[in-house]
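We did not get these values from a lab; they are worked out from the coordinates using the rules stated. Keep in mind that what you see is a predicted model, and the values were worked out from it rather than measured. Positions of Cβ are generated from backbone atoms using ideal geometry, with glycine treated the same way; all protein chains shown enter the neighbour counts.
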Amino acid sequence: MSHYRIKIEERNNGEKLYIPQVCQLKIVGTWLKKRQELVWYNIIGDGELTMALSETSTAKYKTEEYALKIIENHKNVDVIREGNKIKSTTYKMID
């Protein structure tokens, strides 16, 4: 399950910019010693389609509603991805 948030940056002139983010589990380390980290990724999209997730690049939006739209579209991508996973495999023998 992913967690979502909107990062709000306020400029000195009072303008606010909104950055949609998603938190995902990341496993790091060597094969001898691994650890888990929760990493917040910036969701980069155009409102209709999620283009990418990035720790360093950001896409800033003028309204909170538009940032929420980006998050909702990203959630739909997760639902579609989950629906496309293989639940089980069976074989039919042919004589």
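Scanning region 1-59 for residues that are of a type in the set (Phe, Trp, Tyr) and either within 21 Å of Asn73 (Cβ to Cβ) or touching a Lys or Arg at 6+ places or on another chain (Cβ under 8 Å) (or both) turns up Tyr4, Tyr18, Trp40, Tyr41. Within region 11-23, the set of residues being without any contact (Cβ under 8 Å) to a residue 24 or more places away in the chain and either polar (S, T, N, Q) or within 11 Å of Tyr41 (Cα to Cα) (or both) comprises Asn12, Asn13, Gln21, Cys23.
Taking into account only those residues within region 68-88 that are of a type in the set (A, V, I, L, M, F, W, C) and surrounded by fewer than 11 Cβ atoms within 10 Å (Cβ to Cβ), which is nearest to Pro20 (Cα to Cα)? Spell out how you get there, then give the answer.
The initial filter retains those residues of region 68-88 that are of a type in the set (A, V, I, L, M, F, W, C), namely 68, 70-71, 77, 79-80, 86.
When the remaining residues are screened for being surrounded by fewer than 11 Cβ atoms within 10 Å (Cβ to Cβ), the result is 79-80, 86.
On the way: Val79: 18, Ile80: 20, Ile86: 30 Å.
Filtering first and then ranking leaves Val79.
Among the residues making up region 16-67, those that are surrounded by fewer than 10 Cβ atoms within 10 Å (Cβ to Cβ) and part of a loop (DSSP other than H, G, I, E, B) are Thr30, Trp31, Leu32, Lys33, Glu48, Thr56.
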